[in-house]
């Protein structure tokens, strides 16, 4: 699924569910962690390509025909960020260090679970058991026009329902502190 749809589904899920097992859901953090696997995989290559385009030799020689140079290190980062195994280890360590469940980090899990059926063998099929296995599913590519229309149509319906129910409102990333927090609390 594309980064924007991931963020919107995460925001809808977190806004629709006020708390999880008694823990308040931080919508902003859920959205960030939902985008994290793709930012991890594609952020560094895009930043490197921009850097090379602006300041590298490719810019002065024109050898790339006006296009960004190819930077090939996104795939290993893609596997790292889209692995249920890696997520479980990181989540376990963070929860152990914090001595409590970290609800916002569940956005990362949501990203992986959405990507498993929405990526095909032709476009970044998710190796969700990496590094233990290269098993993956041949899902429906999220880039398929009818599926993309269904995704955004579904999002429009969900956000309309959240708005009608009053669950869609701005929530702070962190709990307010000080006098403002006491007045709001």
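Throughout, read-outs are computed from the coordinates displayed, never taken from laboratory work. Since the structure is predicted, the reported quantities are computational estimates derived from the model, not experimental observations. As a convention, Cβ positions derive from the backbone with ideal geometry for all residues, glycine included, and neighbour counts pool all protein chains shown.
Observations
- Residue 164/residue 109 FRET efficiency (R0 41 Å; Cβ-Cβ; nearest 0.05): 0.90
- Figure legend: label point modelled 7 angstrom from the Cα of residue 121 along Cα→Cβ; residues of the stretch 134-165 with amide N under 14 Å from it are 135-141.
- Between residue 155 and residue 134, the distance separating the two model label sites (each 7 Å from Cα on the Cα→Cβ line) works out to 3.3 nm.
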